[in-house]
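Novice: Please read through the structure below; I'll follow up with questions.
The values are calculated or read from the model by the stated rules, or taken from the named source; none is laboratory data. Just so it is clear, the model here is predicted, and its values are computed rather than measured. Heads up, the Cβs are rebuilt from the backbone with ideal geometry, glycines too, and the neighbour counts pull from every protein chain shown. Ligands, DNA and RNA are excluded from the accessible area calculation, which covers all protein heavy atoms including side chains. Shrake-Rupley method; radii C 1.70, N 1.55, O 1.52, S 1.80 Å.
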Amino acid sequence: RLSKMAAALVLGGGVGRRVLPMSCVVTPGLSSAVSILIQKRNIHHAVIPAGKSGRSSLSGIVATVFGASGFLGRYVVNRLGRIGSQVVIPYRCDPYDVNHLKPMGDLGQLTFLEWDPRDRDSTRQAVECSNVVINLVGREWETSNYKFEDVNVKIPQDIALASREAGVEKLIHVSHLNADMKSSSKLLRTKAVGERVVRDEFPDSIIIKPSEIFGREDRFLNYFSNMRWFGRATPLISMGMKTVKQPVYVVDVAKAIVSVIKEPDSIGKTYIIVGPHRYLLHDLVEYVYAVMHRPFISYPLPRPLYHLAAQLFEMSPFDQWTSRDKVDRLHITDMKYPDLPGLEDLGINPTAMELKAIEVLRRHRRYRWYDAEIDDAKPATPVNY
């Protein structure tokens, strides 16, 4: 009976401490133990699973999702909301930029919180009531306020530290498949450093390493599609014949993140999230233009000249369409990690690009081809290297 009363006390800690009836007697030792538990961790009703599966149920997951306003974030929040999770969404953008996330959870299940990445107290406040923390913070280019070291190293380190101090059960850090200290891309070098500092601060953290992600709002297939506005030919380093890519569907990445939360044996592991096929970059871009029903003409452009053209876009005061770092990153062959778990180990069948590319590329078609079948485009030939 005493254990039941102790549990009641602990479960009441997050929403107001419950008062025991006068007839109940609690020993001093038990009372102090319960008090210590309450002080160490605020636990509330949202972590108790209840109801059938669905948006109106309680999954027992209270997740803080940093970077939820980005491309991948909306899919992760939607996946969490549809299983009845409570989601805390820290944001530093305009409140209108996260309005699209509100219908993704049941009433009261999504909590929006203004967040200052440079204020550690703000980060602690965002994670203090969560049992899961997901870091999706990322940026494809540097700004005067946030360099790659800030976005990929300092902010993840602060999130990991705050999560460990708050007693978070699972910290999921999303990195990149090609993150490497020796990479020619500064973004990928700092991503590799970010993985190391996160593991140093939170040894049981889970690292997700996706390849290039494609989806409706991506900067991969849409990037190559929009090249047509700058001439009738598409520049590729070495014609794209020396680069191999293995793109992954954004929904598969979101599914993997949610599956990792549910997987009891995922603690401290690194997951490789890639698509089912590998393609030469030339063949992949050729397929993109075939789906758009637009002529594809590629030509080799030396890296220094490509960098010179990209540098002009870096001068833009608005979002950069491309950059020198992105040119290097897109021409790096995707690594292989045969010894690390992937989508199949999480029970997810990876989606082939040929099945979903039309969702991204249909809007790039001319009107006369808008409703044409995707079967009209010859699929890219997969490679095994």
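Novice: Inspect the range 288-297 for any residue being more than 26 Å from G70 (Cβ to Cβ) and assigned to a helix (DSSP H, G or I) and give the result as yes or no.
Specialist: Keep residues of the range 288-297 that are more than 26 Å from G70 (Cβ to Cβ), which gives 289-290, 293-297.
Cutting the leftovers down to assigned to a helix (DSSP H, G or I) gives us 289-290.
Looking for residues that are more than 26 Å from G70 (Cβ to Cβ) and assigned to a helix (DSSP H, G or I), one finds at least one in the range 288-297, hence yes.
Novice: Another question, if that's okay. Here are the criteria: (1) part of a loop (DSSP other than H, G, I, E, B); (2) touching a strand residue (DSSP E or B) at 6+ places or on another chain (Cβ under 7 Å); (3) not polar (S, T, N, Q). Tell me which single one L107 does not satisfy.
Specialist: Condition not satisfied by L107: (2).
Novice: Filter the range 304-336 down to residues that are part of a loop (DSSP other than H, G, I, E, B) and β-branched (V, I, T) and give me whichever is least open to solvent (accessible area, probe 1.4 Å). Outline the logic, then answer.
Specialist: Looking only at the range 304-336, we keep the residues that are part of a loop (DSSP other than H, G, I, E, B), and these are 315-323, 331-336.
Among the residues that remain, those that are also β-branched (V, I, T) are: 322, 332-333.
Working: T322: 6, I332: 35, T333: 53 Å².
Only one residue fits best here, namely T322.
Results for (1) over 17 Å from the mean Cα position of the chain (by Cα); (2) of a type in the set (D, E); (3) more than 27 Å from S53 (Cα to Cα); (4) in a strand (DSSP E or B), shown as yes or no for each residue.
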| position | (1), (2), (3), (4) |
| --- | --- |
| L171 | no, no, no, yes |
| M181 | yes, no, yes, no |
| D204 | yes, yes, yes, no |
| K209 | no, no, yes, yes |
| V251 | no, no, no, no |
| A256 | no, no, no, no |
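Novice: Go through the range 365-385 and report how many residues are in a helix (DSSP H, G or I) and surrounded by 11 or more Cβ atoms within 10 Å (Cβ to Cβ). Step through it out loud before you land on a result.
Specialist: Applying the first criterion (in a helix (DSSP H, G or I)) to the range 365-385 yields 367-369, 374-376.
Cutting the leftovers down to surrounded by 11 or more Cβ atoms within 10 Å (Cβ to Cβ) gives us 369, 374.
Adding up the residues that qualify gives 2.
Novice: Right, another one. Taking the range 191-210, which residues are open to solvent by less than 10 Å² (accessible area, probe 1.4 Å) and over 27 Å from T351 (Cα atoms)?
Specialist: G194, V198
Novice: Which one is modelled with the lowest pLDDT, of the residues in the range 302-350 that are acidic (D, E) and under 18 Å from R219 (Cα atoms)?
Specialist: Within the range 302-350, the first condition is being acidic (D, E), and the residues that meet it are 314, 319, 325, 328, 334, 339, 344-345.
Among the residues that remain, those that are also under 18 Å from R219 (Cα atoms) are: 314, 319, 325, 328, 334.
Working: E314: 92, D319: 83, D325: 96, D328: 96, D334: 97.
Only one residue tops the list, namely D319.
Novice: Got a sec? Which of W115, W141 is in contact (Cβ under 8 Å) with a residue 40 or more places away in the chain, more than 27 Å from Y223 (Cα to Cα) and not hydroxyl-bearing (S, T, Y)? Steps first, answer last, please.
Specialist: Details: W141 fails: more than 27 Å from Y223 (Cα to Cα).
Among W115, W141, only W115 is in contact (Cβ under 8 Å) with a residue 40 or more places away in the chain, more than 27 Å from Y223 (Cα to Cα) and not hydroxyl-bearing (S, T, Y).
Novice: Restricting attention to the range 228-265, and to residues there that are surrounded by fewer than 19 Cβ atoms within 10 Å (Cβ to Cβ) and polar (S, T, N, Q), which single residue is nearest to D328 (Cα to Cα)? It would help to see each step written out before you state the result.
Specialist: Going through the range 228-265, the residues surrounded by fewer than 19 Cβ atoms within 10 Å (Cβ to Cβ) turn out to be 228-233, 235, 238-239, 241-242, 251, 259, 262-265.
Adding the requirement that they be polar (S, T, N, Q) leaves 238, 259.
Working: S238: 12, S259: 32 Å.
Filtering first and then ranking leaves S238.
Novice: From E149, E165, E128, grab the single residue that is among the charged types (D, E, K, R) and either crowded, with 19+ Cβ neighbours inside 10 Å or touching a residue at least 60 places away in the same chain (Cβ under 8 Å) (or both).
Specialist: Working: E149 fails: either crowded, with 19+ Cβ neighbours inside 10 Å or touching a residue at least 60 places away in the same chain (Cβ under 8 Å) (or both); E165 fails: either crowded, with 19+ Cβ neighbours inside 10 Å or touching a residue at least 60 places away in the same chain (Cβ under 8 Å) (or both).
Residue meeting the stated conditions: E128.
Novice: Anything in the range 71-97 that is touching a strand residue (DSSP E or B) at 6+ places or on another chain (Cβ under 8 Å), assigned to a helix (DSSP H, G or I) and farther than 23 Å from V360 by Cβ? List them, or say none.
Specialist: Start the filter on the range 71-97 by keeping residues that are touching a strand residue (DSSP E or B) at 6+ places or on another chain (Cβ under 8 Å), which leaves 71-73, 76-77, 80-81, 84-92, 95, 97.
Checking which are assigned to a helix (DSSP H, G or I) leaves us with 71-73, 76-77, 80-81, 95, 97.
L80, G81, P95 - these are the residues of the range 71-97 that are touching a strand residue (DSSP E or B) at 6+ places or on another chain (Cβ under 8 Å), assigned to a helix (DSSP H, G or I) and farther than 23 Å from V360 by Cβ.
Novice: Taking only the range 211-249 into account, find how many residues are under 30 Å from G347 (Cα atoms) and in a loop (DSSP other than H, G, I, E, B).
Specialist: Applying the first criterion (under 30 Å from G347 (Cα atoms)) to the range 211-249 yields 211-222, 243-249.
So of that shortlist, the ones also in a loop (DSSP other than H, G, I, E, B) come out as 211-212, 215-220, 243, 246-247.
The qualifying residues number 11.
Novice: Just to verify a result, which residue in the range 90-111, among those that are in contact with a Leu (Cβ under 8 Å, 6 or more places away or on another chain) and either touching a residue at least 60 places away in the same chain (Cβ under 8 Å) or open to solvent by less than 70 Å² (accessible area, probe 1.4 Å) (or both), is nearest to S57 (Cα to Cα)? Can you show your working first?
Specialist: Let us first name the residues in the range 90-111 that are in contact with a Leu (Cβ under 8 Å, 6 or more places away or on another chain), namely 90-91, 101-102, 104-105, 110.
Checking which are either touching a residue at least 60 places away in the same chain (Cβ under 8 Å) or open to solvent by less than 70 Å² (accessible area, probe 1.4 Å) (or both) leaves us with 90-91, 101, 104-105, 110.
Working: P90: 23, Y91: 25, L101: 18, M104: 13, G105: 10, L110: 13 Å.
Residue satisfying both the conditions and the ranking: G105.
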